[in-house]
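Here is the structure we will look at, set down as C-alpha cells.
The values are calculated or read from the model by the stated rules, or taken from the named source; none is laboratory data. Remember, predicted model here, so these are calculated numbers, not experimental data. Quick reminder, even Gly has a Cβ in these numbers, built from the backbone with ideal geometry, and neighbours come from all protein chains shown. Surface accessibility is based on the protein's heavy atoms, side chains included, excluding ligands, DNA and RNA. Shrake-Rupley method; radii C 1.70, N 1.55, O 1.52, S 1.80 Å.
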Amino acid sequence: MADSCHFNEEIPEIKYQYLDHTADVQLYSWGDNLTEAFEQVATAMFGYMTTDYDTVEMTSVEETEAEGEDMQQLLFHFLDEWLFVFSADPFFIPRKIVITEFDRENFKIKSKGYGEEFVIGKHPQGTEVKAITYSNMQIHEDKNEIFVIIDI
C-alpha cells in the first residue's frame, strides 16, 4: 500500500441511491460528469457492504486498473476490480474512489481508493456483494447517470 499522507481527505457529496429490484440490488449513481458517476457507483457498492460507511477511515491507498471492449464492459471490469480488492487479503474497503485516468476511446480506467482494511467490529457488516452483473446495466453519458445491478 502506498503512503497516504498526500491526498485530499475531503469526502465527496453522496450522489447515489439504492433502488428496489426483485432479485438483487440496483445501484443508481450520477455526477457532474461521467467520471464522477463511475466513482459514485463504486462508492455505492461499498456503502452497501457496510451499514455505517462513515466508520471507514482513509489511512491507506489501493490502486486498480480496468479495461473493456466498450463502456459497459469497462464499467463491469472497473467494479469487479474493486470487488476483488475488497475480497482479497487484506480486505480493503475504500471510503473514497478517485479515477486518475479515464480513456473513453480505448475503454481503460485507472483509479485509487482511499480507505483501510475492513475489520468486523469496527465496520458494521452490511450485505455481501457476490458479483457485478450486466443485467439492465445502463450508462447514460448525456445525463452522467449509471444503473448497475449487483448480485447479493
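Name the residue that is surrounded by the fewest Cβ atoms within 10 Å (Cβ to Cβ), counting only residues in segment 70-103 that are among the acidic types (Asp, Glu) and closer than 28 Å to residue 121 by Cα. Even if it seems obvious, please write down each step before you answer.
Start the filter on segment 70-103 by keeping residues that are among the acidic types (Asp, Glu), which leaves 70, 80-81, 89, 101, 103.
With closer than 28 Å to residue 121 by Cα added as a condition, the list becomes 80-81, 89.
Working: 80: 14, 81: 19, 89: 6.
Step by step, filter segment 70-103, then rank; the result is 89.
Could you check segment 30-69 and list, in sequence order, the residues that are touching a residue at least 60 places away in the same chain (Cβ under 8 Å), open to solvent by 40 Å² or more (accessible area, probe 1.4 Å) and assigned to a loop (DSSP other than H, G, I, E, B)?
32, 33, 51, 52
Starting from segment 133-147, take each residue that is part of a loop (DSSP other than H, G, I, E, B) and list its partners that are of a type in the set (S, T, N, Q) and surrounded by fewer than 18 Cβ atoms within 10 Å (Cβ to Cβ), counting only C-beta distances under 7 angstrom and pairs at least six apart or across chains.
So the pair list comes out as 134/72; 137/72; 144/33.
So, in segment 17-29, of the ones that are in a strand (DSSP E or B), at pLDDT below 90 and open to solvent by less than 60 Å² (accessible area, probe 1.4 Å), which residue ends up nearest to residue 149 (Cα to Cα)? Walk me through it before giving the result.
If we filter segment 17-29 for residues that are in a strand (DSSP E or B), which is where we start, we get 17-19, 25-29.
Next, from what is left, pick out any that are at pLDDT below 90: 17-19, 25.
Cutting the leftovers down to open to solvent by less than 60 Å² (accessible area, probe 1.4 Å) gives us 19, 25.
Working: 19: 9, 25: 6 Å.
Here the answer is 25.
Going by what's in this entry, would residue 122 be described as of a type in the set (D, E, K, R), open to solvent by 70 Å² or more (accessible area, probe 1.4 Å) and either touching a helix residue (DSSP H, G or I) at 6+ places or on another chain (Cβ under 9 Å) or assigned to a strand (DSSP E or B) (or both)? Break it down stepwise before answering.
Details: of a type in the set (D, E, K, R): yes; open to solvent by 70 Å² or more (accessible area, probe 1.4 Å): yes; either touching a helix residue (DSSP H, G or I) at 6+ places or on another chain (Cβ under 9 Å) or assigned to a strand (DSSP E or B) (or both): yes.
Here the answer is yes, as residue 122 does meet what is asked.
Would you confirm, using the coordinates I've provided, whether residue 107 is touching a residue at least 24 places away in the same chain (Cβ under 8 Å) and at positive phi? Steps first, please.
Values: touching a residue at least 24 places away in the same chain (Cβ under 8 Å): yes; at positive phi: yes.
For residue 107, the condition - touching a residue at least 24 places away in the same chain (Cβ under 8 Å) and at positive phi - is met.
When residues of segment 1-10 are filtered for being open to solvent by 70 Å² or more (accessible area, probe 1.4 Å) and either at pLDDT 80 or above or closer than 24 Å to residue 87 by Cα (or both), how many remain? Before the answer, list the steps.
Taking segment 1-10 first, the residues open to solvent by 70 Å² or more (accessible area, probe 1.4 Å) are 1, 3, 5-6, 8-10.
Imposing the further condition that a residue be either at pLDDT 80 or above or closer than 24 Å to residue 87 by Cα (or both) reduces the set to 1, 3, 9-10.
Total satisfying the criteria: 4.
Have a look at 84, 38, 92, 102 and point out the one that is within 21 Å of residue 135 (Cβ to Cβ), in contact with a strand residue (DSSP E or B) (Cβ under 7 Å, 6 or more places away or on another chain) and modelled with pLDDT of 95 or more. Give the steps one after another, and end with the answer.
On the way: 84 fails: in contact with a strand residue (DSSP E or B) (Cβ under 7 Å, 6 or more places away or on another chain); 92 fails: within 21 Å of residue 135 (Cβ to Cβ); 102 fails: within 21 Å of residue 135 (Cβ to Cβ).
From the options 84, 38, 92, 102, the qualifying one is 38.
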